[in-house]
Structures are given as C-alpha cells and as structure tokens.
Amino acid sequence: MRTQQQRRRPNPWQWVWYAFGGRLPRELWPWVLADTTARTWWLRHLARAVVQMLPLVAVCLFAVPVPFAYRISAAAGGLVIGLLFSAAFMTEATEHRVAKAGYPAGTAAELREERSERERTERRSPYRRGGAGSFD
C-alpha cells in the first residue's frame with residue numbers, strides 16, 4: 001500500500017482533464033481527496049478555475065477585432081468575474097469532485113474541518129505557548 005509520499009499524481013493531460021471536470025481513474029482517487037483537502041485546497045480550486053477560463057481569455061485576447069486595450073480589459077474583467085463566481089461555489093464544486101472520485105458527499109469538508117480542529121487544538125496546547133522551558 002502506498003503512503004502519502006508515494007501517492008500517485010495525475011500526469012499533465014490527466015490534470016487538465018480533471019481541471020475541466022473530468023473523472024480520474026480509480027488509482028488517482030486518493031490524490032483527488034488529498035487535492036481537495038490540502039491546506040491550499042482553495043488556491044488549487046482557483047487555479048483549476050483559471051485553467052477553465054483560459055480558452056475564453058485567449059479568444060478574447062487574440063480573436064476579437066478591437067483595439068488591444070479593450071481586449072485586455074475584457075479578458076481581465078471576465079477573469080475576475082469568473083473567479084468570483086467560482087469562489088462563490090467553491091465548496092460545492094470541490095465536494096462534487098470528491099463524489100466523482102467515489103467518496104461520500106461531504107467527505108472533503110469533514111476532513112478539512114477535522115484538520116482545522118486539530119490545528120486549533122495544537123495552537124492552544126501549553127507546550128506551544130510557553131516553549132520548552134515552561135514545564136520547569
């Protein structure tokens with residue numbers, strides 16, 4: 001059985017497929033769970049959202065026959081609005097990814113909550129507050 005350090009990652013094509021909402025093979029399901037529950041899960045979600053919007057941004061920048069300043073502002077505005085929309089549904093979209101990977105709905109949120117509870121407990125521990133010499 002593989003440990004966390006040996007977990008298989010998707011190749012670039014698989015990751016792009018995953019970013020666009022595709023389902024990964026069964027052997028990558030543990031990676032999906034790790035991706036959606038890591039400390040940086042929300043940054044990963046936004047990175048996937050940017051990848052989803054890149055084709056439209058590219059069309060806006062290179063195919064629309066208006067001055068370049070207009071194309072830049074339209075692309076940037078679309079990207080900002082798209083990221084805001086994506087952020088509004090971040091938790092739901094992440095849970096949908098986890099469900100596609102065969103885990104029960106709510107698994108990612110539950111794991112993130114457990115981790116944050118554990119981190120809060122560790123921060124409040126006496127050994128954290130006073131340092132090594134506080135038990136003398």
Towards the positive end of the charge dipole of the chain, with charges on Cβ (+1 Lys, Arg; -1 Asp, Glu), say which of Trp41, Leu54, Pro25 has the farthest Cα. Pro25
Using DSSP H assignments, which helices in the chain have an axial alpha-carbon span of 18 Å or above and a mean Kyte-Doolittle hydropathy of -0.5 or higher? 41-62, 68-88
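Dipole size in debye (nearest 20) for the chain around its Cα centre, Lys and Arg Cβ +1, Asp and Glu Cβ -1?
Working: 20 positive and 11 negative charges, 65 e Å.
My answer is approximately 320 debye.
Looking at the range 25-117, which chymotrypsin sites (Phe, Trp or Tyr not before Pro) are in a loop (DSSP not H, G, I, E or B) and have at most 10 other Cβ atoms within 10 Å? Mind dumping the intermediate values first?
Details: sites: Trp31, Trp41, Trp42, Phe62, Phe68, Tyr70, Phe85, Phe89; in loops: Phe89.
Passing both the DSSP loop test and the Cβ count: no residue.
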Expressed in angstrom and rounded, the centroid-to-centroid distance over alpha carbons for the range 41-119 and the range 26-40 is 17 Å
Could you line up Leu61, Leu111 from fewest to most neighbouring Cβ atoms inside 10 Å? Leu61, Leu111
Tell me the Kirkwood hydrodynamic radius of the range 11-122 in angstroms, computed as one over the mean inverse distance between distinct C-alpha pairs. 15.6 Å
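Values in this text are rule-based calculations from the coordinates and carry no lab data. What you see is a predicted model; the values in this text were computed from it and never measured. Positions of Cβ are generated from backbone atoms using ideal geometry, with glycine treated the same way; all protein chains shown enter the neighbour counts.
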